[in-house]
Amino acid sequence: MSKVRLKIDGRDVEAEKGMTVLDAARRAGISIPALCHHEKLEPLGGCRLCMVEVEVRGSARLVVSCVYTVAEGLTVRTRSEKVDRIRKGIVELLLAHAPDSPQLAGFAREYGADRNRFEPEPSFCILCGLCVRYCAEVVGKHAVGFIDRGIRKEISFVPEIAAKECDACKACFPLCPTSYLQAAFVLTGSLVFPGGGESVRDR
Amino acid sequence: MDTASIDQIIDRHQGEASSLIQVLLEIQREYHWLPQAALREVGRKLKVPMARIQHVATFYKAFSVVPKGRHRVHVCVGTACHVRGAMRVLESVQDLSGIAPGETDLEHKFSLETVNCLGCCALGPVIEIDGKVHGNVTKAGIAGILGRYE
């Protein structure tokens, strides 16, 4: 595989062609925050926390590093005043949805985000898609998916599949940055099997 | 819903998973909505997971996962129609059909929606039924228009 040379935070980094900026940085030991990234999964570009500044032929712009592929001679800044300000805003927006997420609380401390900047709108899910992609790409069961779009978008279990597969698996539970997933699972169980059927008996 | 007609639609697309949206559009056209049983059949024959079908079926406005009437009534409440009395027209449509915007009557005859502009403001107030535009609608004339649909 052919190599590409780029500069990340002033350091010369070598990466393979087709790699994303996020992977190249992490391999070089430079950390970029992300909530929707998982090494086994196709990138989604959902949480936008991995936003970095790249400079191509002298002009700087902001890109989402988990879906931006490396290029020869690229200059990347993973921390700059602009990047930090944008990450702070993103964390504040996500906190409005999931105020109690421990991962978000950590980012809030790091970027000085104010958890009360936006009116709380607890949907608890930040639509990172980790559960949806993990179930589809790694487990191959497609038991949970997205429904609707825009502000009404949410995750939803397919009851017929979830009832058969999920009790024995639950591989997606620890991936969820907000723990909403478990709540959605229990909710689906109690809607489909009111009074505690097979799928919710143990809880 | 009969499975035969669903199968026919799927076969017309050679059971290609990439034709998912076309298949759903044709089912939508035939039944005015996407019944769960039809979606399951589509998933089985096109080998597309249910989660993916639900994502697509709820993403596009052209699809409905709840039953819709045989005739789709759109009452324009855009600015031009509004000042020409769209609210009175809407009220009258609601009274005659017995349904509010977003609803479908029990006989599955009409589904009522409001829209923000149909692009023919000079004809306002406008209502559109099954794609046919009725302009300069008066409160008194609505019963006559709705009566033409079975």
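The values are calculated or read from the model by the stated rules, or taken from the named source; none is laboratory data. Since the structure is predicted, the reported quantities are computational estimates derived from the model, not experimental observations. Neighbour counts are summed over all protein chains in view; Cβ atoms, including those assigned to glycine, are modelled from backbone coordinates with ideal geometry. Accessible surface areas use protein heavy atoms only, side chains included; no ligands, DNA or RNA. Shrake-Rupley method; radii C 1.70, N 1.55, O 1.52, S 1.80 Å.
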Worksheet entry | Dipole axis of chain B (+1 Lys, Arg; -1 Asp, Glu on Cβ), positive-most option in B:GLN22, B:GLY119, B:SER97 | B:GLY119
Worksheet item: Which values of log₁₀ I(q)/I(0), to two decimal places, follow from the Debye formula for chain A at q = 0.08, 0.09, 0.14, 0.19 Å⁻¹ with a uniform point scatterer at every Cα?
Response: -0.33, -0.41, -0.88, -1.28
Item to complete: Would you kindly derive the ³J(HN,Hα) couplings of the stretch A:84-98 from the backbone phi angles with the Karplus curve 6.51 cos²θ - 1.76 cosθ + 1.60 (θ = phi - 60°), listing them in order in whole Hz, with x for Gly and Pro?
Response: 4, 5, 5, 5, 4, x, 5, 4, 5, 5, 5, 5, 4, 8, 10
Discussion item. Can you return the aspartates and glutamates within cross-link range of B:LYS139? Criterion is Cα-Cα under 16 Å, with same-chain partners fewer than 8 residues away left out.
Written reply: B:GLU91, B:ASP95, B:GLU128
Discussion item. Under the √(5λ) rule applied to the eigenvalues of the Cα gyration tensor, what semi-axes describe the equivalent ellipsoid of the stretch A:130-192? Give them in Å, descending.
Written reply: 16, 14, 12
Response to the item:
Within the stretch B:127-148, the residues whose backbone N lies under 20 Å from a label point placed 7 Å from the Cα of B:GLN94 along the Cα-to-Cβ direction are B:127-129, B:137-147
Worksheet entry | For chain A, calculated [θ]222 nm from helices alone, where every DSSP H run of n ≥ 4 adds -39500 (n - 2.57) | -8500 deg cm²/dmol
Practice prompt. Quick one: dipole size for the protein assembly as shown, taken about the Cα centre, charges +1 on Lys/Arg Cβ and -1 on Asp/Glu Cβ, in debye to the nearest 20.
Written response: 820
Fill in: Amide proton proximity set for A:MET51, modelled H, under 5 Å, gap of 5+
A:SER65
Fill in: Shape category assigned to the stretch B:3-59 from the gyration tensor of Cα positions, a/c cut at 1.5
rounded
Practice prompt. Using the heavy atoms of the protein chains and a 1.4 angstrom probe, tell me the accessible area per residue for the protein assembly as shown in square angstrom.
Written response: 53
Response to the item:
The set of cysteines in chain B having no other cysteine's C-beta under 4.7 Å reads B:CYS117, B:CYS120, B:CYS121
Worksheet item: Hey, got the Cα dimensions of the protein assembly as shown along the principal axes, in Å, largest first?
Response: 76, 52, 43
Worksheet entry | the stretch A:17-67: mean projected area of Cα convex hull, nm² | 3.8
Worksheet item: Per Stokes-Einstein, at 10 °C and 1.306 mPa s, what whole-number D in µm² s⁻¹ belongs to the stretch B:75-117, with the Kirkwood radius over Cα pairs as the hydrodynamic radius?
Response: 151
Worksheet item: In nm, to one decimal, how far is the A:SER123 label point from the B:LYS47 one, both placed 7 Å along Cα→Cβ?
Response: 3.4
Discussion item. Need one number: nm distance between label points at A:ILE151 and A:ARG11, each 7 Å from Cα along Cα→Cβ, rounded to one decimal.
Written reply: 4.3
Discussion item. Taking a cut-off of 14 Å, what percent of all Cα-Cα pairs in the stretch A:80-122 are separated by more than that?
Written reply: 37
Worksheet entry | Dimensions in Å of the stretch B:24-94 - Rg and Dmax from alpha carbons | 16.8, 51
Worksheet entry | Of A:LYS88/A:LYS141; A:LYS153/B:LYS61; B:LYS109/B:LYS132, pairs whose Cα-Cα distance is over 24 Å | A:LYS88/A:LYS141
Fill in: J(HN,Hα) series, the stretch B:115-132, from Karplus relation 6.51 cos²θ - 1.76 cosθ + 1.60, nearest Hz, glycine and proline x
10, 9, 5, 9, x, 9, 4, 5, 8, x, x, 10, 10, 10, 10, 6, x, 8
Practice prompt. Under a cut-off of 18 Å between alpha-carbon atoms, report the lysines in cross-link reach of A:LYS17, not counting same-chain residues fewer than 8 places apart.
Written response: A:LYS3, A:LYS7
Worksheet item: When only Cα pairs under 8 Å and 6 or more residues apart are kept, what is the percent relative contact order across the stretch A:130-192?
Response: 31
Worksheet, complete the sentence: Summing +1 per Lys or Arg and -1 per Asp or Glu among the other residues with Cβ less than 14 Å from A:CYS172's Cβ gives +1
